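Each remark here refers to the structure printed beneath this line.
The values are calculated or read from the model by the stated rules, or taken from the named source; none is laboratory data. Keep in mind that what you see is a predicted model, and the values were worked out from it rather than measured. Because the Cβ atoms are built from the backbone with ideal geometry, glycine has one as well, and the counts that use them run over all protein chains shown. In case anyone asks, the SASA skips ligands and DNA or RNA and just uses the protein heavy atoms, side chains included. Shrake-Rupley method; radii C 1.70, N 1.55, O 1.52, S 1.80 Å.
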Amino acid sequence: GLLFVDFDKGLYIQIQGNAKILFGEEAKQGGPGTAGRAVRVTVQNFSVAHAGMRLKFSPKPERSPFNPANKDDGDIVRLSDVYRETHDTLTFKLEIDRPIQYQAGQYGTFRVLGLIDDQSYIRSWTLSSTPRMGRGNTDFMITVKKNDFGKISTILHGSDFIHEKKVYLRLLDISGEFCLPKVITSESRFVFVSAGSGITPVVSMLRHLCRNEYIRHDGIPVAKLIYSVRSVRDIIFEKELSDLSKTGTVNVIIYLSRENELPAHCPKGFAFSLGRITKNVINKEIGDPNQYESIFSCGPGVFTSVVESALPNSKVITESFNF
């Protein structure tokens, strides 16, 4: 059964019925954010108790951060700050009225409104911030790389969103399984292979590892990051990755795919190599994959396919995107 409580009026409704778990295409009919699984409830009986509660709540109870947003309307989010990561990538700090819960590595599904054509668009972006545990988060960040052929990313980088606030977002849902395991021990080790803006969920997880001070007894870094970018100017989260590497928790190796030689002044805190990340590179950098608890890869579909093909006997957790 299900119990719905009206805290203002002191009544509650109890519903009884049958529940069926839906998968695949049938589940997607429930709207965005179902993540391939939904529950359909058929009501068979209900009862209403108008004076069922004798307790008074003051102030008004907060909405649980575990409750999903209304899938049709969502929660309005407000832009509170903007940080430039690279020449074509911005991080947006967003605020929301109700506290939300999410895991490092997950993504949010948003409805984009206020456009000139009066249309609304659905887009998903990784929550590049790292969640605070407990009562939830009333602010979070998304990091968006501008795509010259992408309508929405171009708008978010423009004045209508940043300065004039004509364009706004509603958060519909948070989902995704590109996340660290729930239990991390002193023996755990992880490797991350990412390209371009595929660093956004990875930096959230790396920040989580460093924030919780996961340190191995043998002094070996808990995480290894192999990151592919076109050039030094394309390193997203450059300063933060450098700071994270200084903690000793993560070892960062950056591959420059469009450089013929290393620049004279490379950022400190990283090891640099030239060229693309290929099967041979992956095998060289990772070595025995069995020494890692999990291997994560995020980037364009072609990139993640290369990582998976290089490690055919390992379970690679992937998240890919295509423009």
Q) Within the stretch 236-258, restricting attention to residues that are farther than 16 Å from THR130 by Cβ and in contact with a Pro (Cβ under 7 Å, 6 or more places away or on another chain), which residue is modelled with the lowest pLDDT? A) GLY248
(Q) Taking the criterion of being crowded, with 17+ Cβ neighbours inside 10 Å and in contact with a Cys (Cβ under 6 Å, 6 or more places away or on another chain), would at least one residue in the stretch 121-134 satisfy it? (A) no
Q: Provide a single number: the residues in the stretch 184-208 that are open to solvent by 40 Å² or more (accessible area, probe 1.4 Å) and either on the phi > 0 side of the Ramachandran plot or of a type in the set (Val, Ile, Thr) (or both).
A: 1
Q) Within the bounds of the stretch 188-207, is there any residue that is in a loop (DSSP other than H, G, I, E, B) and of a type outside the set (A, V, I, L, M)? A) yes
Q.
I want to confirm something. Restricting to the stretch 59-99 and keeping residues that are closer than 16 Å to ASP139 by Cα, of a type in the set (A, V, I, L, M, F, W, C) and modelled with pLDDT of 60 or more, which single residue is most open to solvent (accessible area, probe 1.4 Å)?
A. ILE76
Q) What is the one condition in (1) out of contact with any Asp or Glu (no Cβ under 8 Å at 6 or more places or on another chain); (2) at pLDDT 90 or above; (3) more than 26 Å from LEU241 (Cα to Cα) that SER120 does not satisfy? A) (2)
Q. Among ASP148, ASP118, which is in a loop (DSSP other than H, G, I, E, B) and under 16 Å from VAL167 (Cα atoms)?
A. ASP118
Q | LYS56 being modelled with pLDDT of 80 or more, open to solvent by 100 Å² or more (accessible area, probe 1.4 Å) and more than 30 Å from TYR168 (Cβ to Cβ) | A | no
Q. What number of residues within the stretch 105-124 are over 23 Å from PHE192 (Cβ atoms) and in contact with a Ser or Thr (Cβ under 6 Å, 6 or more places away or on another chain)?
A. 3
Q: Could you grab the pairs with beta carbons closer than 7 Å, sequence gap of 6+ or different chains, first residue in the stretch 9-35 and part of a loop (DSSP other than H, G, I, E, B), second one modelled with pLDDT of 85 or more and of a type in the set (Gly, Ala, Ser)?
A: GLY33/SER175; ALA35/SER175
Q) Is there a residue being under 13 Å from GLY105 (Cα atoms), assigned to a helix (DSSP H, G or I) and open to solvent by 30 Å² or more (accessible area, probe 1.4 Å) anywhere in the stretch 167-183? A) no
Q. So which residues in the stretch 89-113 are touching a strand residue (DSSP E or B) at 6+ places or on another chain (Cβ under 6 Å) and not in a strand (DSSP E or B), if there are any at all?
A. TYR102, GLN106
